[in-house]
Amino acid sequence: MPRAMTFSNPEPLPILELLPKLHLALQQRNTAIVQAPPGAGKSTLLPLELLNAPWLGNQKILMLEPRRLAAKAVAARMAQLLGEPVGQTVGYRVRFEQQVGPNTRLEVLTEGILTRRLQRDQTLDGVGLVIFDEFHERSLQADLALALTRQVQGILREDLRIVVMSATLESELLCHMLQVPLLESAGRQFPVDIRYLPSDPQGRISSVMANAVERALEADLGDILAFLPGQAEIKRTAEFLKPLESNIGSKKIQIMPLYGDLSPLEQQAALLPDPQGRRKVVLATSIAETSLTIAGIGVVIDSGQARVSKFDAGTGLSRLQTVRVSQDSADQRAGRAGRLGP
């Protein structure tokens, strides 16, 4: 018999009210779709609760996250709730790095890792549930992984369960395609007041964003999270804002970058409150869009842009392009400001 999972959660989260319906749905059929707003606990509490499901037995749970930073942060949070280090009950596998052990029952994976595992092990032996978290981000790798997992489920493993989760998703279309019901959680989102810059601000995006940050600093509304397309824009914006760290008077400011190529310690520093009590300005790419709660954020400044990989039919290769973000992504970004308070 599997060991029952017990964990300590400091606060009740809305996703707990949905769990009886989800348990029932997964007993009656092998696929479910969960929609829950940011802050509901779907990425952390829900997988831990499903470890106790009778139909899972001694099998593992695999959970797909779209980004390395999110995968590692979610695994660390779940391990913390269990009072264990990462690599015991909960572990992760990302590109060039993994932290799992012989007793790991819940693995958090990035998209490419899951696709390669499905190609290598077509029956997913020892796996009882695959969770696709933040599915609204819709990448080629995630769509392929879902298609392959559904193929395994339909041909070889009828007992394999699939849960698709998102905060913002065109759920009716997906429910129709997968022929499964939608389970919705009310979530816990505080009110967010949205304001717009002039429709055609002049200058490069780094200087425009720096000016917007300076305006936001005038209002004492907590730490600031600014979304920029990529690493180059983050570095240029940080240079514009550097004088504020020493010239802001009694209110000390710390400029913190957050992108995928930073070291784990640098990424963790951006996620946690400043130990010296300084007001934090986090300049981030889209990696801060989902699955992460950055402590203290009261203001989000969104450039409305992201850098994504696009296939070029002319060259037969993929290249990075700067594009406008989708409405779903814009909603997710704005929601970062309402995770812990209005």
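What follows draws every value from the coordinates through simple rules; no lab data is involved. As the structure is a prediction and not an experimental result, all values here were calculated from the model. Neighbour counts run over all protein chains shown; Cβ positions are idealised from the backbone, glycine included.
For the peptides 254-260, 24-30, residues were scored by their other Cβ atoms within 10 Å and the scores averaged per peptide; the highest-first order is 254-260, 24-30. Placing pseudo-labels 7 Å out from each Cα toward the beta carbon at GLN80 and ASN52 gives an inter-label distance of 2.2 nm.
Computed from Cα positions, the angle between helix 68-82 and the longest principal axis of the chain comes to roughly 70 degrees.
Would you kindly state how much longer the chain becomes between GLU97 and PHE190 on full extension, computed as 0.36 nm times their sequence separation minus their alpha carbon distance, in nm to one decimal?
On the way: separation 93, 0.36 × 93 = 33.48 nm, distance 3.56 nm.
Full-extension gain reported as 29.9 nm.
Taking a ≥ b ≥ c as the square roots of the eigenvalues of the Cα gyration tensor, an a/c ratio of 1.5 or more together with a/b larger than b/c marks region 250-339 as prolate. Placing a pseudo-label 7 Å from each Cα along the Cα-to-Cβ vector at SER263 and SER326 gives an inter-label distance of 3.6 nm. Between LEU197 and ASN211, residue separation times 0.36 nm minus the direct Cα-Cα distance comes to 4.0 nm.
For the chain, the antiparallel share of DSSP beta bridges with both residues in that region comes to about 20%.
Suppose every Lys and Arg Cβ carries +1 and every Asp and Glu Cβ carries -1, with no other charges. What dipole size does region 235-342 come out with about its Cα centre, to the nearest 20 debye? Please list the in-between numbers first.
On the way: 15 positive and 10 negative charges, 59 e Å.
So the magnitude is around 280 debye.
Shape call for region 202-292 from the C-alpha gyration tensor, a ≥ b ≥ c root eigenvalues: rounded (a/c under 1.5), prolate (a/b greater than b/c) or oblate? Oblate. Taking amide H as placed 1.01 Å from N in the peptide plane, the amide H of GLN305 sits under 5 Å from that of VAL325, each at least 5 places away or on another chain. Sort region 20-131 into rounded, prolate or oblate with this rule: let a ≥ b ≥ c be the square roots of the eigenvalues of the Cα gyration tensor; rounded if a/c is under 1.5, and if a/c is not under 1.5, prolate when a/b is larger than b/c, oblate otherwise. Rounded, because the longest to shortest axis ratio a/c is under 1.5. Considering only VAL130, ILE255, LEU156, and ranking their Cα positions along the charge dipole of the chain that arises from unit charges at the beta-carbon of Lys, Arg, Asp and Glu, the one farthest toward the positive end is ILE255.
Over the chain, with a Gaussian network built from C-alpha contacts below 10 Å, which listed residue (GLY91, GLY154, GLY222) shows the highest mean-square fluctuation? Maximum fluctuation in the GNM of the chain, among the listed residues, is at GLY154. Between the residues ILE301, PRO264, VAL325, the greatest Cα displacement towards the positive end of the dipole of region 256-342, with unit charges on the Cβ of Lys, Arg, Asp and Glu, is found for ILE301.
Summary of the geometry: region 41-79 and region 298-342, compared by the centres of their Cα atoms, lie 25 Å apart.
Here the label points at LEU16 and LEU173, each 7 Å from Cα along the C-beta direction, are separated by 3.6 nm in the simple model. Calculated FRET efficiency, GLN151 to LEU272, Cβ-Cβ distance, R0 = 45 Å: about 0.65 to the nearest 0.05.
Ranked by the mean number of other Cβ atoms within 10 Å of their residues, highest first, the peptides 305-313, 39-47, 104-112 come out as 39-47, 104-112, 305-313. Using C-alpha pairs below 8 Å separated by at least 6 residues, the relative contact order for the chain is 19 percent. Relative to the longest principal axis of the Cα atoms of the chain, helix 205-217 runs at roughly 80 degrees. Here's the picture: a label point sits 7 Å out from the Cα of LEU144 along the beta-carbon direction, and within region 310-332 the residues with their amide nitrogen under 20 Å of it are 310-321.
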